[in-house]
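> The structure under discussion is supplied below as structure tokens; questions concerning it will follow.
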Amino acid sequence: MCDHYNKNYSRRDFLQRTSLGLGALALGSLIDPAGLQAAAMDQGHILGKPHFAPKAKRVIYLFQSGGPSQMDLFDYKPLLNKMNGEELPASVRQGQRLTGMTAGQTSFPLAGSIFDFKQHGNSGAWVSDLMPHTSKIVDDLCFVRSMYTDAINHDPAVTFIQTGSQFPGRPSIGSWVSYGLGSDNENLPNFVVLVTKDKRGQPLYSRLWGNGFLPSEHQGVQFRAGANPVLYLSNPPGVSSDSRRNQLDHLNSLQELKHGEFGDPEILARMSQYEMAFRMQTSVPEIMDTEGEPEHIYEMYGEDSKKPGTYSANCLLARRLIEKDVKFVQLYHQGWDHHGSLPSSIRRQCKETDQPTTALIMDLKQRGLLEDTLVIWGGEFGRTNYSQGTLSETNYGRDHHPKCFTVFMAGAGVKKGMTFGATDEFGYNIIENGVHVHDFQATILHLMGVDHEKLIYKYQGRRFRLTDVHGHVVKDILA
């Protein structure tokens, strides 16, 4: 009995049962208002407004799961072609760790890209012929060719770039944004997730867009292709909308009584989710119905844009979601893990993603939405400059490489037509302006008007943040 009482003893109980009670709390607010505000934030209250004027109101994050090969897409290394087949110099490798997939190799032959590179636009950005559509908009893009991460395998690397930790259980970046800034739309989730259907690759888990220890209303909501885009959203047969409304009203009354007794903030979160689900019964089918889009929009995004659940259709849907003020839209596209048969596999990936990605950026731009929307493209790490397995004139594979990879951004707050950072002539080490994953995350939050060191949540006695204990805003890429 005592254990049950102690377990459910809330702050409300404490204030009611102490001799000073609310009077002490009021006095504390006069003596140390900043401390009281910090305590409120620790308990899960949103900021209410950004720390400073934001450049970006919304984010579309196009996550390419598996680790795209930067040396076959954007990081041109002619020396690799010249030295194709020769051994990776020990002075370049510097004893860096390898995955279990190549640790047993006795030879590490350098593998030049078989794809042609050209410079494009006024910025002169290098892009391979795998990305003909992207090459046309390089003057709207900001390439970061000096990204690096702490993880060498997929699961910890994806978890790290999505949540700021290699260990499961932390809130995702979209959840942090939702928690910190709140919602601009009452009828749709603040954080929506779209996963390309029928794609094979490294597994994706819902914890990647989970709320972790943040209140549960901040978790990402996955929209799927098909008759029921959100699981368990539709009413069961025989239950009308009026009946559901009446049920929720009674349930909320019970929940309010429960919250009054225990003061558990998760009760309020649960009530909020029930109400959101009810409103989404109307708003989700409306947003998912793209049949009203003009034919030239479908042509812009490509033929797959009429097939629900494809990457192309999800890019179009992402634009529709941010038009409705959804704050964070995350797309996941699997299939970039090319340990072998890279040339044929990466061609297929680029055919699926190049045109829709470009169309999304162009579409946002023509609608005036790119000015306050940040678009991000990239994976969890890069690929090696040497071949995993047998190297031939037409075929090779590349292992994981955490020490350098490329992402690009477009839109609100980032410089246009810029290439930031550089790797050595072997494409193995960063030689200029390294950007750690936490720097990348700090910069995203900064563009949304959030100081990454001040967006915190107290959990199990520690103040957590997305960037853990370090991270710097990459000011040189800011417009």
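> Only one of these conditions is not met by G100: (1) without any contact (Cβ under 8 Å) to a residue 12 or more places away in the chain; (2) more than 26 Å from Q349 (Cβ to Cβ). Which number is it?
(2)
> Among the residues of the stretch 205-233, how many are crowded, with 17+ Cβ neighbours inside 10 Å and among the aliphatic types (A, V, I, L, M)?
5
> Continuing with this model, one more query. Starting from the stretch 69-95, keep only residues that are more than 20 Å from L342 (Cβ to Cβ) and in contact (Cβ under 8 Å) with a residue 60 or more places away in the chain, then list their pairs with residues that are among the charged types (D, E, K, R) and in a loop (DSSP other than H, G, I, E, B) whose Cβ atoms are within a distance under 8 Å, requiring at least 6 positions of separation or different chains.
Qualifying pairs under 8 Å: V92/D424.
> Give the stretch 301-315 a look and list any residue that's of a type outside the set (S, T, Y) and either surrounded by fewer than 23 Cβ atoms within 10 Å (Cβ to Cβ) or not in a helix (DSSP H, G or I) (or both), or say none.
G302, E303, D304, K306, K307, P308, G309
> Report yes if some residue within the stretch 316-328 is part of a loop (DSSP other than H, G, I, E, B) and out of contact with any strand residue (DSSP E or B) (no Cβ under 8 Å at 6 or more places or on another chain); otherwise report no.
Yes, there is a match, as at least one residue in the stretch 316-328 is part of a loop (DSSP other than H, G, I, E, B) and out of contact with any strand residue (DSSP E or B) (no Cβ under 8 Å at 6 or more places or on another chain).
> May I ask you to say which residue of R58, R97, R93 is surrounded by 15 or more Cβ atoms within 10 Å (Cβ to Cβ), among the basic types (K, R) and over 19 Å from the mean Cα position of the chain (by Cα)?
R93
> Could you pull out the residue among T390, T406 that is surrounded by 17 or more Cβ atoms within 10 Å (Cβ to Cβ) and hydroxyl-bearing (S, T, Y)?
T406
> What about Q105, is it under 12 Å from Y428 (Cβ atoms), at pLDDT below 95 and part of a loop (DSSP other than H, G, I, E, B)?
So Q105 fails the test.
> Another question, then. When you go through K324, K365 one by one, which is the residue that is surrounded by fewer than 18 Cβ atoms within 10 Å (Cβ to Cβ), within 30 Å of P215 (Cβ to Cβ), basic (K, R) and touching a residue at least 40 places away in the same chain (Cβ under 8 Å)?
K324
> Search the stretch 184-204 for residues being polar (S, T, N, Q) and surrounded by 19 or more Cβ atoms within 10 Å (Cβ to Cβ), and hand back the single one that is nearest to L466 (Cα to Cα).
N190
> Let me ask something else. Within the stretch 327-350, which residues are over 26 Å from R398 (Cβ atoms) and either surrounded by fewer than 23 Cβ atoms within 10 Å (Cβ to Cβ) or of a type in the set (D, E, K, R) (or both)?
Hit for the stretch 327-350 is K327, nothing else.
> Name the single residue that is nearest to the chain's Cα centre (by Cα) among those in the stretch 282-300 being over 18 Å from V221 (Cα atoms) and part of a loop (DSSP other than H, G, I, E, B).
Per the criteria, the residue is T290.
The values are calculated or read from the model by the stated rules, or taken from the named source; none is laboratory data. This structure is a prediction, so every number in the text was calculated from the model and none was measured. No Cβ is skipped: glycine too gets one built from the backbone with ideal geometry, and neighbour counts run over all protein chains shown.
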